There are 2 protein chains.
Amino acid sequence: MPEAPAATPEQSAFLVSLLEQGLLIGTGEPGVYGRSAAFESIRQAFDAFVTREAAGDRSEQVRFPPVLPRRHLESSGYLKSFPHLAGSIFSFDGTEQQAAQQEDLASRHEDWSGYQSMTDLVLVPAACYPVYPAIAARGPVQPGGLTIDAGASLVFRHEPSGDPARLQMFHQREMVRIGEPEQVVAWRDTWRTRALELLERVGLEPDSEVATDPFFGRSGRMLAANQRAQELKFEVQIQIAGPAPTAVASFNYHQDHFARTFDIVLASGGVPHTACLGFGLERVTLGLLHRHGLEIGAWDATVRRHLWP
Amino acid sequence: MPEAPAATPEQSAFLVSLLEQGLLIGTGEPGVYGRSAAFESIRQAFDAFVTREAAGDRSEQVRFPPVLPRRHLESSGYLKSFPHLAGSIFSFDGTEQQAAQQEDLASRHEDWSGYQSMTDLVLVPAACYPVYPAIAARGPVQPGGLTIDAGASLVFRHEPSGDPARLQMFHQREMVRIGEPEQVVAWRDTWRTRALELLERVGLEPDSEVATDPFFGRSGRMLAANQRAQELKFEVQIQIAGPAPTAVASFNYHQDHFARTFDIVLASGGVPHTACLGFGLERVTLGLLHRHGLEIGAWDATVRRHLWP
């Protein structure tokens, strides 16, 4: 397995301070933490800040649970690009005797995986994935296209790490645009500017860059080169514990990939394009804590007014 | 596998009306639905209603993601009682060649489970499970004990069903009490009365009953009989699509089970008892929609004032 990048000394020290302050609660697994009321209040305040900013988009709000039909993952190409990050859900489907054998192994922390079989569900790998089949099922997309606000969606990535900004399950504050290519690109560009402004207003110093996804393996390098050449992905980065900056928002232009995969069509004929954007809410929260300090009460008044108006 | 009870004609018809009205969004898998803004506004309003009611409890608010270290599930006894409901998380840990073989099978919707191996994580089966190891890690529980508010926590149950009130992933509005036995039982009894009052105020007609968990297999019948004899579990039930009533809140007294499992101790010496309570937020939402109709705007003004004060 390609390991997640090891945590830097700065990241490890930041994690320790978050745990000591009780903002995060250790579980024994890297990248899986409980969160205090203070941590959650920041995360939810930034979520609401994005919602206020998005009010002009006339989007439709929908919410999906963090589980997805396995068929949709299989169709999407995710397992080609990111097999190392996907999580599938297994369960028990045996007899009473097998249940007893499974429990016997599990209670001694030995290997009980042989008693588990694959279910029809996987974990949602990116917050936009449940949106496309739902939109396809409604019939053709009308002129003007659609903007879907998928809210703060939980997604799973199997990349255990000691960097507190690299969680195995986290919230993406997600929006999706579906329509004619020029509509979709214009929306993506508007939101890229808007994201920079939003982050600046809460005292962060964001940069926007052309980026690539963490594609798997050698063949992934070609996918990444192609993605970069076509400028299909932008990220907004800020300084967290670093020393390198961390992406806190991602803007992805899929061209016709998801529309073709899930059979979304335009009422005017032809295949729409799609784009999505997501803020990593835990990363923004960590960025705010790192920049302004672990005591919210001591934060700059302007920053607090933007978050808690 | 013991199948989840088949949906009744009333439940199937209710599901169809929820899908037609757009309150739920089908995904192709039973028990996995997207939700509209209206559905979510009811769910969140009832969540906040419980929070206001709990304000006097001086509880500590914590939030956990829906994934749990596998070790904790293995230690808890869950796999003895409910092996059929647990979900474990598998992922890919192979070579580039194996990734290509997996993708080849998956893209044709054939069996790729052989390329997946068990991770160190499982899905949270009940919202109180992450709380106990976190409390144990803090050291002895002080006199007076602890009340933990775990908020609206997502939990997984592998029981695909056509009953819209039986979801594979749903929110439990969860609280946990840890302390001396009499403190814990008194808290449980207070909340049982409070839950009935809360549900009555929003126009539902709740009943409280001694109940049993859906233990697995023949040996489970003995566990259930014991649980019933000791009155360790109460449920509050309401009428949803029925015709039988549906549990919307559950009150569980664990005696010293979780404290012993996760080594929680009292500062005064000895082992604390624990109890938890959870409202099934989607079930309450469905109960409100079933009772008052699918148009929130037409609901009784008193009910709306309680939910949106």
Flagged in region B:263-305 as of a type outside the set (A, V, I, L, M), under 23 Å from B:Ala152 (Cβ atoms) and buried (at least 18 other Cβ atoms within 10 Å of the Cβ), in numbering order, are B:Thr274, B:Cys276, B:Gly278, B:Phe279, B:Gly280, B:Glu282, B:Arg283, B:Thr285, B:Gly287, B:His290, B:His292, B:Trp299
Is there any pair linking a residue in region B:130-147 that is of a type in the set (A, V, I, L, M) to one that is open to solvent by less than 20 Å² (accessible area, probe 1.4 Å) and part of a loop (DSSP other than H, G, I, E, B), with Cβ under 8 Å and at least six apart or on different chains, and which?
B:Ile135/B:Ile264; B:Ala136/B:Ile264; B:Val141/B:Ile264; B:Val141/B:Pro272
Residue within region B:30-51 that is among the basic types (Lys, Arg), facing another protein chain (nearest Cβ under 8 Å) and open to solvent by 10 Å² or more (accessible area, probe 1.4 Å) present
yes
Out of all the residues in region A:98-119, is one or more in contact (Cβ under 8 Å) with a residue 60 or more places away in the chain, at the interface with chain B (Cβ under 7 Å from one of its Cβ atoms) and open to solvent by less than 20 Å² (accessible area, probe 1.4 Å)?
no
Provide a single number: the residues in region B:189-214 that are in a helix (DSSP H, G or I), surrounded by fewer than 19 Cβ atoms within 10 Å (Cβ to Cβ) and touching a residue at least 24 places away in the same chain (Cβ under 8 Å).
4
Which numbered condition trips up A:Ile89, out of (1) in contact with a strand residue (DSSP E or B) (Cβ under 7 Å, 6 or more places away or on another chain); (2) within 8 Å of chain B (Cβ to nearest Cβ); (3) surrounded by fewer than 23 Cβ atoms within 10 Å (Cβ to Cβ); (4) closer than 28 Å to B:Ser36 by Cβ?
(3)
Would you check which residues across region B:215-245 are crowded, with 16+ Cβ neighbours inside 10 Å, in contact (Cβ under 8 Å) with a residue 24 or more places away in the chain and assigned to a loop (DSSP other than H, G, I, E, B) and list them?
B:Phe215, B:Phe216, B:Gln239, B:Ile240, B:Ala241, B:Pro245
Only one residue in A:Pro206, A:Pro243, A:Pro214 is modelled with pLDDT under 95 and touching a Leu at 6+ places or on another chain (Cβ under 9 Å). Which one?
A:Pro214
Quick check, is B:Glu180 open to solvent by 20 Å² or more (accessible area, probe 1.4 Å), more than 14 Å from chain A (Cβ to nearest Cβ) and modelled with pLDDT of 95 or more?
yes
Within region A:52-67, count every residue that is in contact with a Gly (Cβ under 6 Å, 6 or more places away or on another chain) and open to solvent by 40 Å² or more (accessible area, probe 1.4 Å).
1
B:Phe279, sole failed condition from (1) modelled with pLDDT under 95; (2) closer than 30 Å to B:Pro143 by Cβ; (3) in contact with a strand residue (DSSP E or B) (Cβ under 7 Å, 6 or more places away or on another chain)
(1)
Which one of these does A:Val124 not meet: (1) closer than 26 Å to B:Gly26 by Cα; (2) within 8 Å of chain B (Cβ to nearest Cβ)?
(2)
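The values are calculated or read from the model by the stated rules, or taken from the named source; none is laboratory data. What you see is a predicted model; the values in this text were computed from it and never measured. Note that each Cβ is placed from the backbone with ideal geometry, even for glycine, and that neighbours are counted across all protein chains shown. Note: accessible area is taken over every heavy atom of the protein model, side chains too, but ligands, DNA and RNA are not part of it. Shrake-Rupley method; radii C 1.70, N 1.55, O 1.52, S 1.80 Å.
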